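Structure first, commentary second.
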Amino acid sequence: MSVGYSAAYWWGFTPWKKAGRESRASFDVMLELEESERGPHLGRALDLGCGTGERTGHLVERGWDAVGIDNVKQAVDIAVRRTGVADTRFVVGDVRHLVHSGIGSDFSLVLDVGCFEGLGDDDRALVAAGVTQLAAPDATMLLMSTSPQRSPVRSRGASQEDVERAYAGWTVVSAAPADTSGMSRGQRGSSPTWYRLRRS
């Protein structure tokens, strides 16, 4: 996956960034729900597969102590240059090996936008194990994934059952269609879904 994403950043082909910008309002609604339940002290947030850091920086602006991790160095370099948010920290690292990546622990919020869906079953289990080990006891995860795909040129996708199998120590408390503003016709047809999980 990193080779493909590295090439995409090199050529400037990043359609997921447009979709992220245009769906910001719906993302904020989810954050507002989480923040209203936590009160003024939001805690730490982890952005898995943070890319160029738009969502990581947005979390910091909203009061989270956020860290972004991505294994594509080009993306992380852009994130460091463009965010201008001094408290944001970005790490070049593998989401399958979170515990030894230097990102810290005790995360109250974990964000995964399209990272989980591109991994195989074994790698999903590794990510979930790392997230669980580093998460706070009352942590929430917001995970967005498209539905399972058979296309060789698209991300693998994931069902709710796939999410629940990997995150066995968590409970899916809601699953809702994602805002498809800014997505291509193919992306909209893949039924992207936001899953909200709480650590059991």
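The values are calculated or read from the model by the stated rules, or taken from the named source; none is laboratory data. Predicted model, so just to flag it, every value in this text is computed and none were measured. Ideal geometry is used to build each Cβ from the backbone, glycine not excepted, and the neighbour counts take in all protein chains shown.
Listed here are the strands (runs of 3 or more DSSP E) enclosed by the stretch 18-108 that have at least 2 residues being closer than 19 Å to ARG198 by Cβ, in contact with a strand residue (DSSP E or B) (Cβ under 9 Å, 6 or more places away or on another chain) and at pLDDT 90 or above: 44-48.
When VAL131, VAL91 are checked against the criterion of being under 13 Å from the mean Cα position of the chain (by Cα) and buried (at least 16 other Cβ atoms within 10 Å of the Cβ), a single residue qualifies: VAL131.
For first residues located in the stretch 129-141 and touching a residue at least 12 places away in the same chain (Cβ under 8 Å), partners that are crowded, with 19+ Cβ neighbours inside 10 Å and among the β-branched types (Val, Ile, Thr) and lie 6+ apart or on another chain with Cβ distances below 6 Å form the pairs VAL131/VAL110; MET141/VAL110. Restricting the stretch 94-128 to residues that are over 16 Å from ASP162 (Cα atoms) and among the hydrophobic types (A, V, I, L, M, F, W, C), which is farthest from the chain's Cα centre (by Cα)? Step by step, filter the stretch 94-128, then rank; the result is VAL99.
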